[in-house]
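Asks: This structure is in structure tokens; I'll ask about it shortly.
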Amino acid sequence: MVVSLAPIITLLLCLILSQPTYGKSRRQKTDTMWKNRKRECEREQDLCGGIHVDLNQNCVNECISPDCYTEVYGPSTIGPLEDGEIDPERQKLFTQCVRRDYREQKRKREMARRAEREGRRNTEDE
């Protein structure tokens, strides 16, 4: 008895290629939000756009999140970056803090929207 493998291979390919695709992860969405803010801070003249790119990292970080900037680069720590300095460890801490802040902001907005919807429902029921 000879079995043709073509139908089996075709079936396997269909199963593999038909796997559902998922949207962006929560981290990707959060990163997109704060990276958009970073670009805005770097471009806007009244924010940090008037400062040379090599010298504006402290300004950009503070613009993105003043709270995280103070937490990671503030006076209670080593202090701000020197012009042109790259500190991967503190940048990682700053990024983690910013992600946490943006997630918290998003959660608060969602809770406010829910409360608003609940308030509208309650007034409609009366």
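The values are calculated or read from the model by the stated rules, or taken from the named source; none is laboratory data. Only a predicted model underlies this, so the values are computations on that prediction, with no experimental measurement involved. Using ideal geometry, Cβ is built from the backbone for each residue, glycine included, and neighbour counts are taken over all protein chains shown. These accessible areas exclude ligands, DNA and RNA; they are computed on the full protein's heavy atoms, side chains included. Shrake-Rupley method; radii C 1.70, N 1.55, O 1.52, S 1.80 Å.
Asks: Mind listing whichever residues of segment 66-84 are without any contact (Cβ under 8 Å) to a residue 24 or more places away in the chain and either on the phi < 0 side of the Ramachandran plot or of a type in the set (Phe, Trp, Tyr) (or both)?
Replies: So in segment 66-84, the residues without any contact (Cβ under 8 Å) to a residue 24 or more places away in the chain come out as 66, 70, 73-80, 82.
If the condition is that a residue be without any contact (Cβ under 8 Å) to a residue 24 or more places away in the chain and either on the phi < 0 side of the Ramachandran plot or of a type in the set (Phe, Trp, Tyr) (or both), then 66, 70, 73, 74, 75, 76, 77, 78, 80, 82 are the ones that fit.
Asks: Kindly indicate the residue of segment 20-36 that is part of a helix (DSSP H, G or I) and over 15 Å from residue 100 (Cβ atoms) and also modelled with the highest pLDDT among those meeting that condition.
Replies: Restricting attention to segment 20-36, the residues satisfying the condition of being part of a helix (DSSP H, G or I) are 26-36.
So of that shortlist, the ones also over 15 Å from residue 100 (Cβ atoms) come out as 28, 32, 35-36.
Details: 28: 79, 32: 87, 35: 89, 36: 92.
Out of the qualifying residues, it is 36.
Asks: Is it the case, given these coordinates, that residue 122 is at pLDDT 90 or above and either open to solvent by 90 Å² or more (accessible area, probe 1.4 Å) or not in a loop (DSSP other than H, G, I, E, B) (or both)? I'd like the intermediate steps shown before the answer.
Replies: Values: at pLDDT 90 or above: no; either open to solvent by 90 Å² or more (accessible area, probe 1.4 Å) or not in a loop (DSSP other than H, G, I, E, B) (or both): yes.
No: the conditions fail for residue 122.
Asks: Checking the conditions here, which among 98, 60 is free of Cβ contacts under 8 Å to residues at least 40 places away in the same chain, of a type in the set (Val, Ile, Thr) and surrounded by 14 or more Cβ atoms within 10 Å (Cβ to Cβ)?
Replies: Numbers: 98 fails: free of Cβ contacts under 8 Å to residues at least 40 places away in the same chain.
None of the others qualify; the one that does is 60.
Asks: Might you check whether a residue that is open to solvent by 80 Å² or more (accessible area, probe 1.4 Å), part of a loop (DSSP other than H, G, I, E, B) and touching a helix residue (DSSP H, G or I) at 6+ places or on another chain (Cβ under 7 Å) occurs anywhere in segment 70-88?
Replies: So far as segment 70-88 goes, yes, one or more of its residues are open to solvent by 80 Å² or more (accessible area, probe 1.4 Å), part of a loop (DSSP other than H, G, I, E, B) and touching a helix residue (DSSP H, G or I) at 6+ places or on another chain (Cβ under 7 Å).
Asks: For segment 37-57, give me the residue count where each residue is β-branched (Val, Ile, Thr) and either open to solvent by less than 60 Å² (accessible area, probe 1.4 Å) or at pLDDT 90 or above (or both).
Replies: At the first step, the residues of segment 37-57 found to be β-branched (Val, Ile, Thr) are 51, 53.
Cutting the leftovers down to either open to solvent by less than 60 Å² (accessible area, probe 1.4 Å) or at pLDDT 90 or above (or both) gives us none.
Of the residues in segment 37-57, 0 are β-branched (Val, Ile, Thr) and either open to solvent by less than 60 Å² (accessible area, probe 1.4 Å) or at pLDDT 90 or above (or both).
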